[in-house]
1. Between a residue in the stretch 145-156 that is under 12 Å from residue 218 (Cα atoms) and any residue that is at pLDDT below 90 and surrounded by fewer than 16 Cβ atoms within 10 Å (Cβ to Cβ), which pairs come within a Cβ distance under 6 Å, given they are 6 or more apart or on different chains?
2. What are the residues in the stretch 1-27 that are closer than 18 Å to residue 56 by Cβ, open to solvent by less than 80 Å² (accessible area, probe 1.4 Å) and among the aromatic types (Phe, Trp, Tyr), if any?
3. Name, by its number, the condition in (1) at pLDDT below 70; (2) surrounded by 10 or more Cβ atoms within 10 Å (Cβ to Cβ) that does not hold for residue 49.
4. Just for the stretch 159-196: of the residues that are touching a residue at least 24 places away in the same chain (Cβ under 8 Å) and of a type in the set (Phe, Trp, Tyr), which one is most open to solvent (accessible area, probe 1.4 Å)?
5. Kindly indicate the residue of the stretch 197-221 that is of a type outside the set (A, V, I, L, M, F, W, C) and either in a helix (DSSP H, G or I) or open to solvent by less than 60 Å² (accessible area, probe 1.4 Å) (or both) and also modelled with the highest pLDDT among those meeting that condition.
6. Take residue 218 and decide whether it is of a type in the set (Val, Ile, Thr) and free of Cβ contacts under 8 Å to residues at least 60 places away in the same chain.
7. If I ask for residues that are touching a strand residue (DSSP E or B) at 6+ places or on another chain (Cβ under 7 Å) and either surrounded by 14 or more Cβ atoms within 10 Å (Cβ to Cβ) or at pLDDT below 80 (or both), which ones from the stretch 83-127 would you list?
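The values are calculated or read from the model by the stated rules, or taken from the named source; none is laboratory data. If you're wondering where the values come from, they're calculated on a predicted model, not measured in any experiment. Methodologically, a virtual Cβ is constructed for each residue, glycine included, from the backbone with ideal geometry; neighbour enumeration extends over all protein chains shown. Side chains are part of the model used for accessible areas, which takes the heavy atoms of the whole protein and leaves out ligands, DNA and RNA. Shrake-Rupley method; radii C 1.70, N 1.55, O 1.52, S 1.80 Å.
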Amino acid sequence: MQYHPDKNPSPEAKEIFIQILDAYEHIKLYHERKNFKVTTSQTEVFDAEAYIKERIRQYIRMRYEEILREEMALSSLPIQKLFLPRWLSSFFILFAVILLLDYWVLPLRSYNCELEVLNYGFRACNSIIYLTPEDAEKAGQCIHLYKTHIFKLVKKIRFEDGTQSKITNSYDEYIILPILLIVLNIVAIWIPLKNLEGKIVLMIFIVVLFLSILLSLIFLQ
């Protein structure tokens, strides 16, 4: 056990462990051949090659069972100890909840902005907005933007004539992302997955989803 590769991470451990196994098999073979000569008749011959092959098969089976136990022990570990700590899942959930509250619950802030025409849309108060042709006709030099408190997402606009309109690049089509982030992190915390592959896939989905939310916030601010 001192030189077992699973217990000793040093580079020399593997070679020393093989030498110990080799010495053990030779010593055991020597004693068994000695006892065999004493307890059997002279006409019988000890088949050393068959014995060694059998010992190798036994060791391979033993090693396979060890690896299987190690994999089962690894699969039984919760995802929090492998990839996704509980504090990180809690952070993702809190972030998504704040985003949903900011977009759906908290009151909007009004900004009086000058409208700048771009080749691909309009810019007002450092926010890129896309207007329908009808709204673009009504747009004057100044418009009012209604943004969320925390993430500064534009939800609607008001023109100089007092009419209001939603913009086409609002966060409505992305609002499913924070909801999915909450659901996946609840699964990671409360529902134990059976296999290691499932835990890896869940972790990848959560990370990709979080990065997608960040990119969408940057793009739509």
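1. If the second residue must be at pLDDT below 90 and surrounded by fewer than 16 Cβ atoms within 10 Å (Cβ to Cβ), the pairs left are 152/221.
2. Correct list: 17 only.
3. Failed condition: (2).
4. Filtering the stretch 159-196 for residues that are touching a residue at least 24 places away in the same chain (Cβ under 8 Å) and of a type in the set (Phe, Trp, Tyr), the one most open to solvent (accessible area, probe 1.4 Å) comes out as 174.
5. Residue satisfying both the conditions and the ranking: 212.
6. Yes: the conditions hold for residue 218.
7. 108, 111, 113, 115, 121, 122, 123, 124, 125, 127
Residues are listed down the side, and each one gets a yes or a no for (1) modelled with pLDDT of 70 or more; (2) of a type in the set (A, V, I, L, M, F, W, C); (3) in contact with a strand residue (DSSP E or B) (Cβ under 6 Å, 6 or more places away or on another chain):
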position	(1), (2), (3)
1	yes, yes, no
11	yes, no, no
17	yes, yes, no
28	yes, no, no
32	no, no, no
36	no, yes, no
41	no, no, no
